[in-house]
Structures are given as C-alpha cells and as structure tokens.
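**Student:** This is the structure I want to talk about, given as structure tokens.
The values are calculated or read from the model by the stated rules, or taken from the named source; none is laboratory data. Everything quoted here is computed from the prediction, not taken from an experiment. Cβ placement follows ideal geometry from the backbone for every residue including glycine, while neighbour counts extend to all protein chains displayed. When the accessible area is computed, the model is the full protein with side chains, heavy atoms only, and any ligands, DNA or RNA have been set aside. Shrake-Rupley method; radii C 1.70, N 1.55, O 1.52, S 1.80 Å.
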Amino acid sequence: MVKGRIIEKTMATEAAKLLLLGFVLLCSAILSAKGTETPIDTAFYAHYPYIRFVSDADIAEMTDEQFHAIAAKVAFAINKAEPAAGSQILTELQGSVLPRINEDSLELAYMIVRGAASPDGPYANNKALGERRAKWLFDFIRQQLRFPVNEKKFRLDSEAEDYRTLAFLMRQANDKDYGFVKALCDSILPNGDIANLKSALQTTQDGQLWKRLNKEYFHHLRTARIVLFFKKYEGEKMEVAPIAQPIQVVERPKVEPTEPVMPVVEPIAPAEPPLADTLARREVLAIKTNLLFYGVYMPGYNRWCPIPNVAVEYYPKKGHFTFGASFDMPWWQDYDAHKYFQIRNYQLETRYYLKAHRPHESHETYETHRTNGTYKAPAYAGWYLQGYVHGGVFGICFDADRGWVGEGYGGGIGAGYVMPVSRNGHWRLEFGLQAGFFRCKYDPYQYENPVDPSYQDNLYYYKWNLEPSLFKKRQYRWNWIGPTRIGVTLSYDLLYKRIQKRGVSFKSKERRAEP
C-alpha cells in the first residue's frame, strides 16, 4: 500500500510539472506572437527612393547631392506656384504611394521639402515663388495622409535662385562651363552676394553663357522636391532602410541677398506673371507725334494748316513716373493774302502711370506672349495722369487788317491711356486730353501805316494811332481756362540702354536674345 501511494504521488507530481511546462510554453508563444511585427513590403517601396523608413533617432540631414539623387521632383511653369495638371509624380503619389502608406499605418516622421525658382527673374519675386511652391507641395502631401502631420517635424526650404542645383545639373550633363560656374558659386554664395553672382554670370562671354543657361537649364530649376521619412504608427519599431550613401549632417549656409535686385512683390492670388529683368536692353526714350495736329483747319486763315510736332518721353528703370517734352511749330504764311499761322510752343510734362512699370521680361516669357498673341508693352502703358507747363511765341494774321503777335505761358493737368499696337510693343498709341490755363500778352498789327494810310512801304505796323513815344509793347492781355490740348499720339521706342553693358543704342543696333 505504501509503495502504491508513493507511485501515485510521483505521477501526480510529474503531471503537475507537465502542466506547468505547458503553461509556460503557451505564455511564451503568446508573448512571442504579440511581439512580432507585421513586415513591410519593401519590394513595393523600393520603386520609390524618395520614401525612407526611420526611427526617431535616425532622422538626419542629407547632403545636396544625396537629396537631389532620391527626391521626387514636381515641375512648375514659369512664374506659377501650382503645378500643371497631369504631373507624373503627383499622380504617382496620389494614386498608389500615399494610399499604400495609409494602408500600412505609417506615420510621417520627417519631411524635407525644397521649393525653387530659376534665376531669370528679380530676387524678391523668386524667393516668394520658391516658398509658395514648397508650401503647395507640403499641403498636398499633408492632405493625402491618414494620420495627422506634426508640423514641427518637417523642413520647408526655398531656393530663391537655385544656383547649387544649376551646378549639379551642369555636372551631370558634363557641361563645358561647369567648372567656371561651380567656382563662381563656391566663392560667392557663402557670402550671400547673389546679386554679384548673377551679374557675373550675365556678363560672362558677352552674355552668351547666361542665354545658354536660360535655354538649357533654367526650366529644370522651377521645381519643388521632396523626401518623406516614415515610421510605424504609435511608436512601434521598424527596420531602417539604408540609403545608397551614408547620411551626413551638413550645415547648409543660409544665403541671403546683400542687395535685392529690382524688388517685385509676388501677389498671393494667381495673377499676371511679373516680368523679369533679363533682356539685353531696356527702353529709355520714346519719340512720338500727335496725329490730330496734322489735320488742323484754321478758321480765319481758311485753310488746312497741319501742325508739325514732335515729343519725347523718358522711361526710368522702374516706378510710376516718366518725364517728357514736346515742341509744336506750325509756320505757315501767305504773304500776298496777308495770312500767317506761325507758332513755336514748348511743353514739359511728367506722367504718373497708374500701373507701376514692370521690370523687363525674360526671353522665355516674351516668346510665350508673342506666340499666343497676348504680349503687352514692356514699357509704361495703360492709364496715366499728367502735369504740364508750356510757353511759346506766336504771330497770327488773317488779312491785312487783322494780325496779332505775342508770347504766352500756361500749365495744367491731363489724363490719357497708352496701348501697344505692335507685336513687340515698341509702337504704341496714346489718347490724351489736357486742361488748364493759358495767359498771353500780345499786340495787334496791320499791313501798312495806321497813322498815314497814304504812306505805303509794304511793311507791317502795330495798331497805334497815338503819339509814338507813348507806345509800349504787349499792352493787351488774354486769359483762357479750359481744354488746352487733345491728342491721338503715335509713339515709338527709339533709344535703349544695355543692361549687361554700359551705353545707349538705337533699336536697329540691338536684337532680342534668340533661343
């Protein structure tokens, strides 16, 4: 009996041990299964090098070359802050990549977005354009993701004038001028003197290098590029996918312009593209003539008396104001009929154009407008207000007994509208009206002696019958307040100033840069 009890006790002990071992193995299996991560389909993401997997401790900056090697690039049209419809990268992101990211429950850990503009425009405009392109792409990504984005965990950059990428593209293309451009960038960019770098590139090879860069590379710089770093949501661990080259923390110098080039504020809403100051020349002086003056009929004189007239207008580099002068000189005479219509009138004026003068456009923008027929005059155009002063001398005679000679002066205000009438905008038509005052001093005169009509010497005399010693010139006054001039004026840009070189030239000596 004792032996049977011992055996029974031993079997119970072994059974308890087996149960305990089974329980331990079950718990271990459960814990092991709980700790197993669902693997990510790395084969799918391998097709998209701009998607990286990291943990919080792995986020670091990339070198420029690493960034450009893997970043997704979204292209933009010139002076546009939204990409055109049908962008391949945006279709790829929206159609397959980001939906798969949401399906795999991935959280955006970090993002590098870099918006850029090409150098063929004013610096301030390019800076605003680069920032808006980067912001647009960031908002696009954020709206497509399932989990909220922590805005503190991204880097939003803009390159106002992306010379580093320009040098990178030139190196990839084995460009013969790569060494020169790279040396310029390395020596000038760290000092932030973008205006000096731009000027050096524009004047090299008599401007031919800049034109070639514009044609071959600038359209590749109007982009926003992005690299996305993801991790498992709620902090679950994930294997880090290695980058082709080790990531290095690089201190990228902050480039700020020491002197902005022709500041132009880019409007927030899409608007007419500002035009960039990259032509080889700009308008300086226009010559013009009032067409209505050539159809003047003079009452009293009783004939058509065209009034030869010429005017010039000086265009400053930018702003609202221009300055001009004009000269009118009808010099008609018929001695036998005692008819004279002789005037010399000089006028000085300044104009205020309601729309500020736009800096001069790039060749690419000019060709776009010229091709689709929407080109607008690069110089001052549209509505304007005017202030003027004028003075002159006159001699008018209708017959042997009615003549007047004197001098006058006046001033006033005016308004008008200027519109281009040629494809290139150099021919323009103006419609204007002036009003003000005119005050003159004059004396009447007649043919032959007024005191003794019998004495004839075929000369003209002042109409004065009193004692000759009492005579004083300009005893009469005439004042006028009202319209003083109406004009339909044809103008032509005559003189140009070279932007890349000193000096002024006629239009016939210059040509627009050919593509």
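**Student:** Can you confirm whether segment 146-163 contains a residue that is open to solvent by less than 10 Å² (accessible area, probe 1.4 Å), of a type outside the set (A, V, I, L, M, F, W, C), touching a Lys or Arg at 6+ places or on another chain (Cβ under 9 Å) and not in a helix (DSSP H, G or I)?
**Tutor:** Checking segment 146-163: at least one residue is open to solvent by less than 10 Å² (accessible area, probe 1.4 Å), of a type outside the set (A, V, I, L, M, F, W, C), touching a Lys or Arg at 6+ places or on another chain (Cβ under 9 Å) and not in a helix (DSSP H, G or I).
**Student:** For segment 424-466, what are the residues that are assigned to a loop (DSSP other than H, G, I, E, B) and aromatic (Phe, Trp, Tyr)?
**Tutor:** Across segment 424-466, the qualifying residues are TYR455, TRP464.
**Student:** Right, next: Does any residue of segment 241-252 turn out to be modelled with pLDDT of 85 or more, among the small types (Gly, Ala, Ser) and surrounded by 13 or more Cβ atoms within 10 Å (Cβ to Cβ)?
**Tutor:** no
**Student:** Any chance segment 100-120 includes a residue that's part of a loop (DSSP other than H, G, I, E, B), surrounded by fewer than 20 Cβ atoms within 10 Å (Cβ to Cβ), in contact with a strand residue (DSSP E or B) (Cβ under 9 Å, 6 or more places away or on another chain) and of a type outside the set (Gly, Ala, Ser)?
**Tutor:** yes
**Student:** Could you list all residues from segment 451-479 that are open to solvent by 100 Å² or more (accessible area, probe 1.4 Å) and more than 25 Å from HIS338 (Cα to Cα)?
**Tutor:** Residues satisfying the conditions are GLU467, LEU470.
**Student:** Show the residue pairs meeting these rules: Cβ distance below 6 Å; 6+ apart or different chains; first residue within segment 41-62 and under 14 Å from GLU92 (Cα atoms); second residue modelled with pLDDT under 80 and in a helix (DSSP H, G or I).
**Tutor:** ILE51/TYR45
**Student:** Out of all the residues in segment 467-481, which are part of a loop (DSSP other than H, G, I, E, B) and farther than 9 Å from ASP443 by Cα?
**Tutor:** GLU467, PHE471, LYS472, listed by residue number.
**Student:** Would you tally the residues in segment 290-314 being under 21 Å from ARG402 (Cα atoms) and of a type in the set (Phe, Trp, Tyr)?
**Tutor:** Number of matching residues: 3.
**Student:** Check segment 435-450 and report whether any residue there is at pLDDT 95 or above, within 40 Å of the chain's Cα centre (by Cα) and not hydroxyl-bearing (Ser, Thr, Tyr).
**Tutor:** yes
**Student:** Restrict the check to segment 119-137 and report whether at least one residue is under 27 Å from SER87 (Cβ atoms), modelled with pLDDT of 85 or more and among the aromatic types (Phe, Trp, Tyr).
**Tutor:** Within segment 119-137, one or more residues are under 27 Å from SER87 (Cβ atoms), modelled with pLDDT of 85 or more and among the aromatic types (Phe, Trp, Tyr).
**Student:** With the requirement that a residue be assigned to a loop (DSSP other than H, G, I, E, B) and either in contact (Cβ under 8 Å) with a residue 24 or more places away in the chain or of a type in the set (D, E, K, R) (or both), what does segment 333-356 give you?
**Tutor:** The answer is ASP336, ALA337, HIS338.
**Student:** Follow-up question, since we're still on this one. Which of the residues belonging to segment 310-341 are more than 23 Å from VAL393 (Cα to Cα), open to solvent by less than 60 Å² (accessible area, probe 1.4 Å) and of a type outside the set (Ser, Thr, Tyr)?
**Tutor:** Matches in segment 310-341: GLU313, PRO316, GLY319, HIS320.
**Student:** Here's another thing I want to ask about it. Report, by residue number, each residue of segment 305-327 that is of a type outside the set (A, V, I, L, M), closer than 19 Å to ARG485 by Cβ and in contact with a strand residue (DSSP E or B) (Cβ under 7 Å, 6 or more places away or on another chain).
**Tutor:** CYS305, ASN309, GLU313, THR322, PHE323, GLY324, SER326, PHE327
**Student:** Also: What are the pairs with Cβ atoms under 8 angstrom where one residue, in segment 295-312, is over 18 Å from GLN333 (Cβ atoms) and the other, located anywhere, is basic (Lys, Arg) and surrounded by 12 or more Cβ atoms within 10 Å (Cβ to Cβ)? Sequence gap at least six, or different chains.
**Tutor:** Note: pairs meeting the criteria are VAL310/LYS288; ALA311/LYS288; VAL312/LYS288.
**Student:** Go through the residues of segment 174-190 one by one and say whether even a single one is hydrophobic (A, V, I, L, M, F, W, C), modelled with pLDDT of 85 or more and open to solvent by 40 Å² or more (accessible area, probe 1.4 Å).
**Tutor:** Yes; the residues of segment 174-190 include at least one that is hydrophobic (A, V, I, L, M, F, W, C), modelled with pLDDT of 85 or more and open to solvent by 40 Å² or more (accessible area, probe 1.4 Å).
**Student:** Can you tell me which residue in segment 203-233 is farthest from ASP120 (Cα to Cα), limited to those that are open to solvent by 10 Å² or more (accessible area, probe 1.4 Å) and assigned to a strand (DSSP E or B)?
**Tutor:** Out of the qualifying residues, it is LYS232.
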